[in-house]
1. Can you list the lysines whose alpha carbon is less than 16 Å from that of residue A:3, not counting same-chain residues fewer than 8 positions off?
2. Under a point spin-label approximation (7 Å from Cα along Cα-to-Cβ), what is the residue B:74-residue A:81 distance to one decimal in nm?
3. When only Cα pairs under 8 Å and 6 or more residues apart are kept, what is the percent relative contact order across chain A?
4. Quick one: length gained pulling residue B:5 to residue B:22 fully straight, 0.36 nm per residue minus the C-alpha distance?
5. What distance in nm separates the two pseudo spin-label positions at residue B:30 and residue B:51, each 7 Å out from Cα along the beta-carbon direction?
6. So for chain A, what percent of the C-alpha to C-alpha distances run longer than 24 Å?
7. Could you bin all the Cα-Cα distances of the protein assembly as shown into 5 Å bins starting at 0 and give me the percent of pairs in each, rounded to whole numbers?
8. Roughly speaking, what is the stretch gain from residue A:63 to residue A:9, that is 0.36 nm per residue apart minus the C-alpha to C-alpha distance, in nm to one decimal?
Amino acid sequence: LAKTTQPISMDSYEGQEVNITCSHNNIATNDYITWYQQFPSQGPRFIIQGYKTKVTNEVASLFIPADRKSSTLSLPRVSLSDTAVYYCLVYSSASKIIFGSGTRLSIRP
Amino acid sequence: EPEVTQTPSHQVTQMGQEVILRCVPISNHLYFYWYRQILGQKVEFLVSFYNNEISEKSEIFDDQFSVERPDGSNFTLKIRSTKLEDSAMYFCASSKIQDSNQPQHFGDGTRLSIL
């Protein structure tokens, strides 16, 4: 399983765009990049997944450069409710997800 | 949007007792998982289950743990003789197929408290 590195914590303000970058230098050809969000006392919630270039949904965008050794989760115009832990995951088989410590995002008024 | 549902939301049990945690995966999903998260720590994989068999398990999933799909909708995790260190949030997840482009969908967990 490819190891990922992401910031331990980030702070931002309501209405700002937040970009969380994750590095995954050892990503394999079959690996997808998946981001989850977790609120306290809740299960991880799937946000977005991509293989290359850019993916956008109603919640976020995911930017993946050509070498796929990193990815950036972009949250447009964050609100207080976006305060959570965000996990970057890289894997080729869904049989087992290895969660890291994630990025603890704090949004201030 | 379909959800994974777990019951109970909170279970309090005496040490040494058996507990069964229940999950209803998303109806057209074929792969099922259990994870746990001790307070303040990472989410840890326990076991994956497909076609009525365990596909993979971690070293945490010892003989005290078992999983079962007793009918067409439920997926259960049993801990035979609970220990204090079993206190944690237990999350059930499911996915359509075991492939990287089919994300796992998680329930909101059962908080297990062992006294």
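What follows is calculated from the coordinates using simple rules that are stated; it is not laboratory data. This structure is a prediction, so every number in the text was calculated from the model and none was measured. Cβ sites come from the backbone with ideal geometry, for glycine too, and all protein chains shown count toward neighbours.
1. Output for residue A:3: A:69, A:96, B:42.
2. With each label placed 7 Å out from Cα toward Cβ, I get 3.3 nm.
3. Working: 272 pairs, mean separation 40.3, N = 109.
Computed over chain A, the figure is 37 percent.
4. Working: separation 17, 0.36 × 17 = 6.12 nm, distance 0.84 nm.
Full extension from residue B:5 to residue B:22 adds 5.3 nm.
5. The two pseudo-label positions are separated by 0.9 nm.
6. Working: 1055 of 5886 pairs.
The answer is 18 percent, as a whole percent.
7. Histogramming the protein assembly as shown at 5 Å steps yields 1, 7, 14, 18, 18, 16, 12, 8, 4, 1, 0 percent.
8. Details: separation 54, 0.36 × 54 = 19.44 nm, distance 1.98 nm.
Working it through step by step, the gained length comes to 17.5 nm.
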